[in-house]
1. I'm trying to understand the selection: among the residues of region A:288-343, which are polar (S, T, N, Q), within 14 Å of chain B (Cβ to nearest Cβ) and buried (at least 16 other Cβ atoms within 10 Å of the Cβ)?
2. Looking for something closer than 19 Å to A:TRP284 by Cα and buried (at least 17 other Cβ atoms within 10 Å of the Cβ) - is there at least one such residue anywhere in region A:118-130?
3. Filter the helices (runs of 4 or more DSSP H) completely within region B:207-265 down to those with at least 3 residues that are touching a residue at least 60 places away in the same chain (Cβ under 8 Å) and of a type in the set (Val, Ile, Thr).
4. Can you pull out the residues in region A:344-363 that are surrounded by 24 or more Cβ atoms within 10 Å (Cβ to Cβ) and closer than 15 Å to A:GLU260 by Cα?
5. Given the condition under 22 Å from A:GLU170 (Cα atoms), away from every other protein chain (no Cβ under 14 Å) and in contact with a strand residue (DSSP E or B) (Cβ under 9 Å, 6 or more places away or on another chain), answer yes or no: does some residue in region A:77-87 qualify?
6. Looking at B:TRP176, is it within 9 Å of another protein chain (Cβ to nearest Cβ) and over 17 Å from the mean Cα position of the chain (by Cα)?
7. Before we move on, is A:THR25 under 18 Å from A:SER363 (Cα atoms), touching a Gly at 6+ places or on another chain (Cβ under 8 Å) and either surrounded by 15 or more Cβ atoms within 10 Å (Cβ to Cβ) or not aromatic (Phe, Trp, Tyr) (or both)?
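Throughout, read-outs are computed from the coordinates displayed, never taken from laboratory work. Everything numeric in this text was worked out from a predicted model, so none of it was measured. Using ideal geometry, Cβ is built from the backbone for each residue, glycine included, and neighbour counts are taken over all protein chains shown.
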Amino acid sequence: MHLMYFTEQPMSAYPEQAGRDFGATALMLSNKHFDPVEGSRLYNNYIEQYMLAEEVGVDGIMLNEHHNAPFCMQAKANIFAALLAGMTKKVKIVMLGNPLPLAENPIRLAEELAMIDMISKGRLVSGFVRGGGQEQLATGVNPAFNRERFEEAHDLVTRAWTQTGPFRFEGNHYQHRVVNPWAVPLQKPYPRVWIPGVISKETIIWAAQQRYPYIALNTSIEQTKKIWELYDSVAADVGYVGGPENRGYLIQVHVSDNEEKAIENARQFRWMQGEFTGLAHPVWSTPSGYGSPSARRAFVEFASGRASNPRGETSFEQQMADLRIIAGTPKTVVAKLKRILEETRPGILALWGNDGRVSQADSLTCIKLIGQEVFPAIREIAKSLDLKSPFEANAPVHLKYSTDLKPRKAAAAE
Amino acid sequence: MAGVDWTDSTVEAGGIKLHLKRAGPTAKKARTIVVLHHETGTLDRLPFYDALAAHYDVLVPHHPGYSRSERPTWMRSVRDIAVIHRGLLSELKIKDAALVGLGFGGWIAAEMASMAPADLSHLVLVGAMGIKPPQGDILDLAITGYVDYARAGFHDQKVFDRVYGAEPSIDQLEMWDICREMSFRIAWKPYMYNQTLPHLLGAVHAPALVIWGDDDRVVPQSAATRYVEALPKAKLEVVKASGHCVDMEQPDALARLIVDFIGRE
């Protein structure tokens, strides 16, 4: 079991009323509401949190990035990854992840990641994401080619990491006449790649085809089970058996030394007006061409206010009841996490520990309790359930490095 | 005008199946007018199309990727559409047509004119995109809701209600999303203009009429001035009490301007 700490790095000092008055807290909410003095204080708070996380024994620190919004202060995950590469000694630096389609020059991304891998002495896990719709708009990237750019940039980055240069890359979206980066990763064949996502079938299928672990982000137990059903079925098609080493899960968990305080602080998981990434126009979150064509009709109904969100809207209480938010003392938290481990069998678990305006003192207490009490108990449970991480299972980094493939069709012919 | 008889056909041009609406006098001498529609696609029938069809042989091809025409996934620019429409005219053996471009269709018409400046009789650009407005910016589809965007094309919202219904159907919303996706695919950056177009219009010696609604909130009127400067034989007409979609908001006034400009034959 690989156990990680995560925070969205909330820009908690922004004036919420200004967002409510404007009607949006993402993309178009003016950056005049961003106070760099508070920004400086918060960035340093997050560094303190990560350093404590390493001290109390987490296996990994999960990083991400978003743009133009208070819900996440990281505009470039590689900046924090580089800091952690130099400042920490043991933790894995888990990028979940770099938004590939936003890269105009994926080779530069490959270089940055290779540097992080070398500086950290091989502790990089290089997850990749498509980036949300708003990230495309915030960076001027065409949402209609999001998936094509994702796959092509992935191809270019992994080739830059593994193929001896110089070589030439002539793609549909990326053309590079000289690919020959001198910074290459320390880990061979290349750093592990994990793919986070919610319920996008196309992404789950793609991750399973690559044999990359898929990290389900805060999905309900039922949704998570469906994700593994699909992943495992694709895995069987390409010739391997999906298991815990292919499965990751991120969940909002706040731990405190008393139950009431834990629940009060956990309400901050809904601090973005109850939305995952804040209030936004649906066409910002899902620009045309970004979503799956099969969801087009349901989406336009939602976007025009004729139907409720197809992804569902649930209250804090409902999310607590569904175990999508867990809060309490280590004992209650471990009991609830145990149920999730038993039902969905992940080999990678990330706890999203603190959000919104939870104080730094309470955040540090949460991290301490996670590292010293929750994770040791989870490790024991994981052992008893045989939930191995990709490291423990020595899983291949990519399908093409597998030595155990038995494609379904070939197996049937035998 | 309800009596105008429109035919529907599918014409293949450059390997792409284009949906074509056509109507007008059957006399062989009737001048051909090609109407190029907006980036929101087109309704099947519009009073403006009928008004033109009373005088001319009117073709309304649906752009590749819009309305009833299939989407070529290889397309990367608005100029690609212009080439395909040129191919359509070639397939139909039509020469010297008058090109009437509405908004985004105005951009296509201007590109078509620039690539074969001797092969058009008249150029009419109505609230045309395609040129970077010297002042102001073209309204951004990507951050505007479907209905808000469509409504922004109208000075009088009651007219929008008449054309699309106060609550446009889900079919209409879905079509706007499909059209929007195609616009992103070909006009994302720079958004809705071609930096080289004004420099390519100098050889277009056909008479040109640039028409703008006086309350166009989609394409700033400064772009009209730039078009008039770029086209050697252009003049400007401003239509009162009209937004960007002059064709839908002031169909009779627009048709009159065009008929006066092109002439009755």
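1. To start, the set of residues in region A:288-343 that are polar (S, T, N, Q) comprises A:288, A:292, A:294, A:304, A:308-309, A:314-315, A:318-319, A:329, A:332.
Those still in the list that are within 14 Å of chain B (Cβ to nearest Cβ) too: A:288, A:292, A:294, A:304.
Matches in region A:288-343: A:SER288, A:SER304.
2. Kept after step one, since they are closer than 19 Å to A:TRP284 by Cα, are these residues of region A:118-130: A:129-130.
Next, from what is left, pick out any that are buried (at least 17 other Cβ atoms within 10 Å of the Cβ): A:129-130.
Taking every residue of region A:118-130 in turn, at least one turns out to be closer than 19 Å to A:TRP284 by Cα and buried (at least 17 other Cβ atoms within 10 Å of the Cβ).
3. On the way: elements: B:222-230, B:246-249, B:251-262.
Where helices (runs of 4 or more DSSP H) fall fully within region B:207-265 and carry at least 3 residues being touching a residue at least 60 places away in the same chain (Cβ under 8 Å) and of a type in the set (Val, Ile, Thr), they are B:251-262.
4. Answer for region A:344-363, where residues must be surrounded by 24 or more Cβ atoms within 10 Å (Cβ to Cβ) and closer than 15 Å to A:GLU260 by Cα: just A:VAL358.
5. Filtering region A:77-87 down to residues under 22 Å from A:GLU170 (Cα atoms) leaves none.
Looking through region A:77-87, none of the residues is under 22 Å from A:GLU170 (Cα atoms), away from every other protein chain (no Cβ under 14 Å) and in contact with a strand residue (DSSP E or B) (Cβ under 9 Å, 6 or more places away or on another chain).
6. Numbers: within 9 Å of another protein chain (Cβ to nearest Cβ): yes; over 17 Å from the mean Cα position of the chain (by Cα): no.
No, not satisfied.
7. Values: under 18 Å from A:SER363 (Cα atoms): no; touching a Gly at 6+ places or on another chain (Cβ under 8 Å): yes; either surrounded by 15 or more Cβ atoms within 10 Å (Cβ to Cβ) or not aromatic (Phe, Trp, Tyr) (or both): yes.
Spelling it out, it is not the case that A:THR25 is under 18 Å from A:SER363 (Cα atoms), touching a Gly at 6+ places or on another chain (Cβ under 8 Å) and either surrounded by 15 or more Cβ atoms within 10 Å (Cβ to Cβ) or not aromatic (Phe, Trp, Tyr) (or both).
Residues checked against (1) surrounded by fewer than 17 Cβ atoms within 10 Å (Cβ to Cβ); (2) in contact with a Leu (Cβ under 9 Å, 6 or more places away or on another chain):
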residue	(1), (2)
B:ASP177	no, no
B:SER183	no, yes
B:TYR193	no, no
B:ASP214	yes, no
B:SER242	no, yes
B:GLN250	no, no
